[in-house]
Amino acid sequence: MTFEEGSGVVREAGALGRLRVEAEACTACRLADTRTKVVFGVGNPAAELLFVGEAPGRNEDQQGVPFVGAAGQLLDRLMADVGIDRDRSYIANVLKCRPPNNRDPLADEIEACKGYLRMQLELIDPKVVVTLGNFATKLLLKTESGITKVRGRSYPWWRGKLLIPTFHPAAALRSGDQVTNLMRADFELIRQALAANDEAYTAEEPNTVEQLGLFQT
Ligand code: URA
């Protein structure tokens, strides 16, 4: 993802900008002690498409920008392959700070951080939310099922949005073409969801998820 201007992220105006400033000073969990930079998010503040990853890695922690490495390049390529305009998207993570040695996020860290993601979802108000990998999917879709089971379709979601789960791009980089091709199919679904009007989608399936709160934990 390359939404940065020069070496810094374009800082959002208004409420999203204020939320970024708040997050950058956050000390709500232990990750504040080990992070280099808070990785709040990057992209179009009025995006129709919001990607949610897991947590910053080493490069993201250094630069303060999500998905700056090979995983981000794969996201860019998949968007280009199916014709999704990257400028219509925003990317954030479940955790805004890097877990040491890229360990998995802990439950209390997700709990401490999820208010920022909730506010990002409210303020950006995308039409389509794409969860990348198990952590984001389990949190937002309120499921214990793994990504392999739930991917490949879209789910009517919170406040009339569609949620589309797919693999984490790092998993595709590890596993090779088969997973990348499944991701490409999911990205085609994303493109179709962006193209369709809201009624066509909400009429397709009963809205089971919207009855619940936003987060699983
Ligand atoms: N993996 C993630 O989940 N998020 C990032 O920002 C980078 C790698």
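The values are calculated or read from the model by the stated rules, or taken from the named source; none is laboratory data. Just so it is clear, the model here is predicted, and its values are computed rather than measured. Ideal geometry is used to build each Cβ from the backbone, glycine not excepted, and the neighbour counts take in all protein chains shown.
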Practice prompt. Give the residue that is surrounded by the fewest Cβ atoms within 10 Å (Cβ to Cβ), with candidates limited to residues of region 66-93 that are β-branched (Val, Ile, Thr) and within 8 Å of the ligand (Cβ to nearest atom).
Written response: VAL68
Worksheet item: Can you tell which of PRO105, PRO56, PRO45 is surrounded by fewer than 23 Cβ atoms within 10 Å (Cβ to Cβ), within 11 Å of the ligand (Cβ to nearest atom) and part of a loop (DSSP other than H, G, I, E, B)?
Response: PRO105
Worksheet item: Does THR137 satisfy the criteria of being buried (at least 23 other Cβ atoms within 10 Å of the Cβ), at pLDDT 95 or above, of a type in the set (Ser, Thr, Tyr) and farther than 18 Å from GLU12 by Cα?
Response: yes
Worksheet, complete the sentence: Across region 157-197, the tally of residues that are part of a helix (DSSP H, G or I) and either aromatic (Phe, Trp, Tyr) or in contact (Cβ under 8 Å) with a residue 12 or more places away in the chain (or both) stands at 22
Discussion item. Quick check on region 66-88. Is at least one of its residues within 18 Å of LEU141 (Cβ to Cβ) and part of a helix (DSSP H, G or I)?
Written reply: no
Practice prompt. Could you figure out which of (1) within 28 Å of LEU182 (Cα to Cα); (2) away from the ligand (no atom under 14 Å from the Cβ) isn't true of LEU19?
Written response: (1)
Worksheet item: When you scan region 111-120, how many residues do you find that are touching a helix residue (DSSP H, G or I) at 6+ places or on another chain (Cβ under 8 Å) and surrounded by fewer than 21 Cβ atoms within 10 Å (Cβ to Cβ)?
Response: 2
Discussion item. Could you go through region 67-75 and let me know if any residue there is more than 18 Å from the chain's Cα centre (by Cα), under 24 Å from ARG174 (Cα atoms) and of a type in the set (A, V, I, L, M).
Written reply: no
Worksheet item: ASP61: away from the ligand (no atom under 11 Å from the Cβ), more than 13 Å from the chain's Cα centre (by Cα) and either part of a loop (DSSP other than H, G, I, E, B) or of a type outside the set (Phe, Trp, Tyr) (or both), yes or no?
Response: no
Worksheet item: Just wondering, is there one or more residues in region 148-156 that are assigned to a helix (DSSP H, G or I) and under 25 Å from ASP61 (Cα atoms)?
Response: no
